[in-house]
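Enquirer: Questions regarding the structure given below will be posed in turn.
The values are calculated or read from the model by the stated rules, or taken from the named source; none is laboratory data. Bear in mind that the values here come from a model prediction, so they are computed numbers and not experimental data. When we count neighbours, we look across all protein chains shown, and the Cβ atoms used for this are built from the backbone with ideal geometry, even at glycine. To get the accessible areas, we keep the full protein, side chains included, count just its heavy atoms, and leave off ligands, DNA and RNA. Shrake-Rupley method; radii C 1.70, N 1.55, O 1.52, S 1.80 Å.
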Amino acid sequence: MVRHSLNELVHPHGTLVSCTKFWVFLGIRILAKMRGGLWQLGQSITRRLVQADKKTIARRCFASEADLKKTALYDFHVANGGKMVPFAGWSMPIQYKDSIMDSTVNCRENGSLFDVSHMCGLSLKGKDTVPFLEKLVIADVAGLDPGTGTLTVFTNEKGGAIDDSVITKVTNEHIYLVVNAGCRDKDLAHIEEHMKSFTSKGGDVSWHIHDERSLLALQGPLATPVLQHLTKDDLSKLYFGEFRILDINGATCFLTRTGYTGEDGFEISVPSENAVDLAKAILEKSEGKVRLTGLGARDSLRLEAGLCLYGNDMEQHTTPVEAGLTWAIGKRRRAEGGFLGADVILKQLEEGPPVRRVGLFSSGPPARSHSEIQNEKGDNIGEVTSGGFSPCLKKNIAMGYVKSGNHKAGTKVKIVVRGKSYDGAVTKMPFVPTKYYKPS
């Protein structure tokens, strides 16, 4: 889940002003040093931010520091060496003292703590909450047991993805969900528009946006033993996708066993006044093995796990079927429809989509977003949406969309990087096996 386009990282909405010459210069220098992937680009960007005159940059190209939102952990990040960059309107750490490559590996070997408080948590409540939400998402919300959740997609009238979200049924009259920071404004406007129409016809649903809370993601093999030190609840009884409201380190938290890395772990919604204390306690209990980790490693981890980044791998014109998220469409929803764009999506389920999201291995320089994918004859069959060098596999990985019929694992392709084609092959995802905690 934090999923934003590369453009949002470099110049989030509202921060780019008239500074063409600077961006051309910065773009050329970054491209000259890039070796593919957001984590390498992140290192290049942060070097520029450290070396450049910060006041000049702020005045000429970026929003002022006052214009960027800050999470409750901002000072904590800075004190711990966080390299802060503008991201979807927020000042967020792209990395800390470790390299992004090392941080990625440490998450899989030990653990990582991420601040993802820029994401938007909200609750929908009322006796008609479930039927209301089912008009907007593809999930079988009614079929969820209380205390369980699932990944879903908000769709538009054409079946395209407005955003992806993890939703949790707290009770039959309370749904908790988290939407992406870069999609917050459009998501909330979309939900509110439909809520007004729904309630005007007598529907009982209201919402609360949890701006009073922060969100931490604790991921990796040490996530459970470390967090268990801070709560009396038995975490061994909480499985992947499940949700509890419980006391952690003296604060009432919303705990979901989920994440965006492919590792076992948790997302912890904590009152903002308790967020720094909780972060400190987690790091202390891990004896230095769980490390603060920034958005650069978070992106490499999600790519290795084969997870979509909204704005890159999924957009308003991409259907859940094309994105490989057919499994997220509940069986009852496939039969009944009833969500926006259902006619388009159900037709694709029956006849097959025109394009499909695939994983890719490639030789040469790592493929990047918009790299062309060709068949062996040199014909265009698709485009890369995310790519880079995998810190854990030590080779190039990517994902993208190809025309149906070219999507089977083992299909040989050519990937064009900087005008030159390199050998590649379609492969199944995830690239790194997931380690979600599920019942035996």
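Enquirer: Counting just the residues of the stretch 260-279 that are open to solvent by 10 Å² or more (accessible area, probe 1.4 Å) and farther than 15 Å from residue 231 by Cα, which one comes out nearest to the chain's Cα centre (by Cα)?
Expert: 264
Enquirer: What residue, of 196, 186, 201, 127, is surrounded by fewer than 20 Cβ atoms within 10 Å (Cβ to Cβ), at pLDDT 95 or above and under 19 Å from residue 341 (Cβ atoms)?
Expert: 186
Enquirer: Pick from the stretch 328-346 the residues that are assigned to a helix (DSSP H, G or I) and β-branched (Val, Ile, Thr): which of them is farthest from residue 164 (Cα to Cα)?
Expert: 344
Enquirer: Does the stretch 297-311 contain any residue that is over 30 Å from residue 156 (Cα atoms) and modelled with pLDDT of 95 or more? Before you say what the answer is, go through the steps one by one.
Expert: Start the filter on the stretch 297-311 by keeping residues that are over 30 Å from residue 156 (Cα atoms), which leaves 297.
Within this subset, residues satisfying the condition of being modelled with pLDDT of 95 or more are 297.
There is at least one residue in the stretch 297-311 that is over 30 Å from residue 156 (Cα atoms) and modelled with pLDDT of 95 or more.
Enquirer: Please name all residue pairs, on different chains or six or more residues apart, with Cβ atoms under 7 Å, provided the first residue is in the stretch 170-183 and is over 22 Å from residue 69 (Cβ atoms) and open to solvent by less than 10 Å² (accessible area, probe 1.4 Å) and the second residue is in a helix (DSSP H, G or I) and aliphatic (A, V, I, L, M).
Expert: Between residues of the stretch 170-183 that are over 22 Å from residue 69 (Cβ atoms) and open to solvent by less than 10 Å² (accessible area, probe 1.4 Å) and residues that are in a helix (DSSP H, G or I) and aliphatic (A, V, I, L, M), the close pairs are 175/133.
Enquirer: Just checking, how many residues over the stretch 319-335 are buried (at least 18 other Cβ atoms within 10 Å of the Cβ) and not polar (S, T, N, Q)?
Expert: Total meeting the criteria: 10.
Enquirer: Look at residue 99 and say whether it is on the phi < 0 side of the Ramachandran plot, touching a residue at least 40 places away in the same chain (Cβ under 8 Å) and surrounded by fewer than 19 Cβ atoms within 10 Å (Cβ to Cβ).
Expert: yes
Enquirer: Residues of the stretch 236-250 being surrounded by fewer than 19 Cβ atoms within 10 Å (Cβ to Cβ) and of a type in the set (A, V, I, L, M), which ones?
Expert: Those that are surrounded by fewer than 19 Cβ atoms within 10 Å (Cβ to Cβ) and of a type in the set (A, V, I, L, M): 245, 246.
Enquirer: Sticking with this structure for a sec: State yes or no: is residue 147 at pLDDT 95 or above, surrounded by fewer than 17 Cβ atoms within 10 Å (Cβ to Cβ), more than 19 Å from residue 325 (Cβ to Cβ) and not acidic (Asp, Glu)?
Expert: Here the answer is yes, as residue 147 does meet what is asked.
Enquirer: Moving on to the next point. Can we say residue 162 is in contact with an Asp or Glu (Cβ under 8 Å, 6 or more places away or on another chain), farther than 22 Å from residue 253 by Cα, aliphatic (A, V, I, L, M) and surrounded by 15 or more Cβ atoms within 10 Å (Cβ to Cβ)? Lay out the reasoning, then the answer.
Expert: Details: in contact with an Asp or Glu (Cβ under 8 Å, 6 or more places away or on another chain): yes; farther than 22 Å from residue 253 by Cα: yes; aliphatic (A, V, I, L, M): yes; surrounded by 15 or more Cβ atoms within 10 Å (Cβ to Cβ): yes.
So residue 162 fits the description; yes.
Enquirer: If the requirement is being assigned to a strand (DSSP E or B), free of Cβ contacts under 8 Å to residues at least 60 places away in the same chain and more than 19 Å from residue 209 (Cβ to Cβ), which of these qualifies: 91, 112? Write out each step before concluding.
Expert: Values: 112 fails: free of Cβ contacts under 8 Å to residues at least 60 places away in the same chain.
Within the list 91, 112, the selection yields 91.
Enquirer: Checking the conditions here, which among 91, 99 is under 20 Å from the mean Cα position of the chain (by Cα) and modelled with pLDDT of 95 or more?
Expert: 91
Enquirer: Here's something else I'd like to know. Could you name every one of the strands (runs of 3 or more DSSP E) located completely within the stretch 363-440 that has at least 3 residues being among the polar types (S, T, N, Q)?
Expert: Once the strands (runs of 3 or more DSSP E) in the stretch 363-440 are filtered for at least 3 residues that are among the polar types (S, T, N, Q), what remains is 380-390.
Enquirer: If you don't mind, another one. Considering each of 307, 283 in turn, give the residue that is open to solvent by 20 Å² or more (accessible area, probe 1.4 Å), of a type in the set (A, V, I, L, M, F, W, C) and within 27 Å of residue 137 (Cα to Cα).
Expert: So the residue among 307, 283 that is open to solvent by 20 Å² or more (accessible area, probe 1.4 Å), of a type in the set (A, V, I, L, M, F, W, C) and within 27 Å of residue 137 (Cα to Cα) is 307.
Enquirer: Give me a count of the residues in the stretch 204-238 that are more than 15 Å from residue 263 (Cβ to Cβ) and part of a loop (DSSP other than H, G, I, E, B).
Expert: Looking only at that region, the number is 12.
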